[in-house]
1. I'd like to check which helices (runs of 4 or more DSSP H) are fully inside the range 37-138 and have at least 2 residues that are of a type in the set (Lys, Arg).
2. Please go through the range 293-328 and pick out each residue that is among the polar types (S, T, N, Q), within 15 Å of the chain's Cα centre (by Cα) and under 14 Å from residue 18 (Cβ atoms).
3. Cβ contacts < 6 Å: first residue of a type in the set (A, V, I, L, M, F, W, C), restricted to the range 129-141; second residue modelled with pLDDT of 70 or more and assigned to a helix (DSSP H, G or I), any location; separation 6+ or different chain. Result?
4. List pairs: first in the range 34-48 and charged (D, E, K, R), second at pLDDT 75 or above, Cβ under 9 Å, 6+ apart or cross-chain?
5. Restricting to the range 8-30, give me the number of residues that are within 15 Å of residue 58 (Cβ to Cβ) and either modelled with pLDDT under 90 or not in a helix (DSSP H, G or I) (or both).
6. So in the range 211-255, with the set limited to residues that are polar (S, T, N, Q) and touching a residue at least 12 places away in the same chain (Cβ under 8 Å), which one is nearest to residue 117 (Cα to Cα)?
Amino acid sequence: MAAASAAVVILAALSIAYGATPITLRDVAAAIGNALGLDMQAPGGPVSRIVLHLRLPRALLTICVGMGLGVVGALLQTVTRNDLADPFLFGLSAGAAAGAVSVITVTGDALGIWTLPAAAFAGGMLATGTVLLLIRRGEGQGPERLILAGLAVSFLFIALTNYLVFSGDQRAAHSVLFWTMGGLGLARWDNLLLGLLGAVIAIRFALANHRRLDALLAGENTAASLGVPMGQLRLAAFVTASVATALFVSVAGVIGFVGLMVPHIARSLAGPLHLRLTLACAVLGALLLLASDLVARTLLHAQELPISIVTNSLGAMFVVALLFRKGE
């Protein structure tokens, strides 16, 4: 954990330093120190503006989103008892994506710069409400029904997103493609609060309920015999994951596989109990997303890749490795 925390700081510094315009680490430190009121000579030209207004908020947003996605994945995997659970599986990301694409291709920026985040959040909440309505209409609210309802809603909103892309303004197709595959280029100091809020919501819920979540590891019957209200805990965890995911998608687009990979890696380092697991997921999620964003920005010269190209590639290899390990 100490090494991972140090790596997060190092990768954050490298993320600020490297990009289309390389900046030395000394100039990065000087620009940040001068902004904090320290007696340091700020670098000349546009360097300070690039550091303080473009790359620093981007690095901080990356940390917040990575932390939150890692913890959300751990919550969903525990309450559904499914090792492959992540926000994609339950339609949360798909709903938020559909809301944002509707703004890009149909309605336009009616609310200014907050239109896209507001529409993405509303889409995520609509998907959540649909999933909850489906499981309440059926008998029981077990993890199997939650997964099936989530898959159905996910495919529904993916179809809606594709329809909006083809029926809306074709000139916006490139921006839709980049946004639905994730990117942190929209990071600003004002929308950084959305990412921070999502991370705080997910981490606070996991830490406040870590003993209940630990009891669930022994099975639903055991947890119920210990006084854990299973239906209430599963519903609260799902709603928490939904709100946090909608906030992340509203500022960073759809980023895949982080919520799936991070909990597995964290369990191998911190064990299955949720007090340590939550902290490990937060640190490793930030580390993974910082590294992925740095690769996405520097892999091609003068061009930024959507971050999901990197995370999906890592996720595919991770799932294959997981299948081989479980087959041994």
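The values are calculated or read from the model by the stated rules, or taken from the named source; none is laboratory data. Just so we're clear, the structure is a prediction, and the values are computed from it rather than from any experiment. All Cβ positions, glycine included, derive from the backbone under ideal geometry; neighbour counts span all protein chains shown.
1. Because the criterion is at least 2 residues that are of a type in the set (Lys, Arg), the helices (runs of 4 or more DSSP H) in the range 37-138 that meet it are 115-137.
2. If we filter the range 293-328 for residues that are among the polar types (S, T, N, Q), which is where we start, we get 298, 303, 308, 311-313.
Still in the list and also within 15 Å of the chain's Cα centre (by Cα): 308, 311-312.
Within the range 293-328, none qualify.
3. Listed by first residue and then by second, the contacts come to 131/149; 131/150; 131/153; 134/149; 135/145; 135/146; 135/149.
4. 39/33
5. The total comes to 6.
6. For the range 211-255, the residue satisfying everything is 250.
Per-residue answers, yes or no, for (1) surrounded by fewer than 23 Cβ atoms within 10 Å (Cβ to Cβ); (2) among the hydrophobic types (A, V, I, L, M, F, W, C); (3) at pLDDT 90 or above:
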{"position": "237", "(1), (2), (3)": "no, yes, yes"}
{"position": "255", "(1), (2), (3)": "no, yes, yes"}
{"position": "268", "(1), (2), (3)": "yes, no, yes"}
{"position": "293", "(1), (2), (3)": "no, no, yes"}
{"position": "306", "(1), (2), (3)": "yes, no, no"}
{"position": "311", "(1), (2), (3)": "no, no, yes"}
{"position": "323", "(1), (2), (3)": "yes, yes, no"}
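A quick yes/no check of all residues on (1) at pLDDT 85 or above; (2) within 30 Å of residue 12 (Cβ to Cβ); (3) in contact with a strand residue (DSSP E or B) (Cβ under 6 Å, 6 or more places away or on another chain):
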site: 128; (1), (2), (3): yes, no, no
site: 135; (1), (2), (3): no, no, no
site: 166; (1), (2), (3): no, no, no
site: 176; (1), (2), (3): no, yes, no
site: 184; (1), (2), (3): yes, yes, no
